[in-house]
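Shown next, in structure tokens, is the structure this report addresses.
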Amino acid sequence: MTQKTCYYCGAAASSVEHVPPKAIFPESKDAAPLVDLRKNLVTVPSCTLHNESVSKDDEYVAGVLWSTHGNNEAGQVQIKKLQRMASNGRGLVKLLAQNYQRDPNSVLGTLRVDVSRFISVFEKVIRGVYFHSTKTALPSHASYNIVFPTLKSDDPDLQPVWATLLSSMAQIPEDKWKLVDGFENPLAFTVEQVIDIEPPIYYFAIYDSFEAIAIPRSFTLKP
Ligand SMILES: [Zn+2]
């Protein structure tokens, strides 16, 4: 029997981690009668640290996603859960829920978010996707810029950096992107990557509307 190793750090695995984290999708009781967004989520082997270490960030990201991307079918079903969490008194989620109820349109594009928490969640998503596709952990020195085109950062210096990175991404021809296999719930999550680049450039879509683009700070072109 092969010893399973953590998708993130290579230590012995003791559990699994969902990619993306399960917490950002509603449970089926909140999604009924629509599709089960937690169905067919990918899991990768994980040590204890990299399974649970950013669950508070997962919850933060969930709250923002549900508030800002609640306009399509998948996001709509989140509202019930958002309201329930708000009634439990969780501070951030409560704030988001109040904003949502006041005027759903005012939240989209105007809410400044703590991008560092999105980054810590998507650092794990990057590594989870990489492990799932290659069966090896992304080298620990690999480092990424992550751009969230539908968010406004709380850091004003970030916005121009994002604009520059996005315009460089726009130079990549459409036929260089390919869908990453193995993610079987496209309403919840899809991944594309640019072919022939290592480590990969990734494009993630959640609910078919929230986007994240992960660009390695240095990469090589595969022969
Ligand atoms: Zn680990």
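The values are calculated or read from the model by the stated rules, or taken from the named source; none is laboratory data. Since this is a predicted model, take the numbers as computed values, not measurements. Neighbour counts run over all protein chains shown; Cβ positions are idealised from the backbone, glycine included.
Pairs under 9 Å by beta carbon, first residue on the phi > 0 side of the Ramachandran plot in the stretch 179-205, partner in a loop (DSSP other than H, G, I, E, B) and surrounded by fewer than 21 Cβ atoms within 10 Å (Cβ to Cβ), six or more apart or different chains?
Hits for this filter: 196/222; 196/223.
Is it true that some residue in the stretch 192-200 is assigned to a strand (DSSP E or B), within 16 Å of the chain's Cα centre (by Cα) and under 28 Å from residue 40 (Cα atoms)? Walk me through how you get there before you give the answer.
The first filter runs over the stretch 192-200 and keeps only residues assigned to a strand (DSSP E or B), leaving 192-194, 197-198.
Within this subset, residues satisfying the condition of being within 16 Å of the chain's Cα centre (by Cα) are 192-193.
With under 28 Å from residue 40 (Cα atoms) added as a condition, the list becomes 192-193.
Within the stretch 192-200, one or more residues are assigned to a strand (DSSP E or B), within 16 Å of the chain's Cα centre (by Cα) and under 28 Å from residue 40 (Cα atoms).
Got a sec? Which of 12, 32 is surrounded by fewer than 15 Cβ atoms within 10 Å (Cβ to Cβ), at pLDDT 90 or above and out of contact with any His (no Cβ under 9 Å at 6 or more places or on another chain)?
Numbers: 32 fails: at pLDDT 90 or above.
Answer to the selection: 12.
Check residue 116 against each of (1) of a type in the set (Gly, Ala, Ser); (2) in contact (Cβ under 8 Å) with a residue 24 or more places away in the chain; (3) within 24 Å of residue 56 (Cα to Cα) and name the one condition it does not meet.
(2)
Determine which member of the set 207, 203 is hydroxyl-bearing (Ser, Thr, Tyr) and touching a Gly at 6+ places or on another chain (Cβ under 6 Å). Step through it out loud before you land on a result.
Values: 203 fails: touching a Gly at 6+ places or on another chain (Cβ under 6 Å).
That would be 207, the only listed residue that is hydroxyl-bearing (Ser, Thr, Tyr) and touching a Gly at 6+ places or on another chain (Cβ under 6 Å).
Of the conditions (1) in contact with a strand residue (DSSP E or B) (Cβ under 6 Å, 6 or more places away or on another chain); (2) within 21 Å of residue 17 (Cα to Cα), residue 220 clears all except one; give me its number.
(2)
Please go through (1) part of a strand (DSSP E or B); (2) within 20 Å of residue 44 (Cβ to Cβ) for residue 213 and return the number of the only condition it doesn't satisfy.
Condition (2) is where residue 213 drops out.
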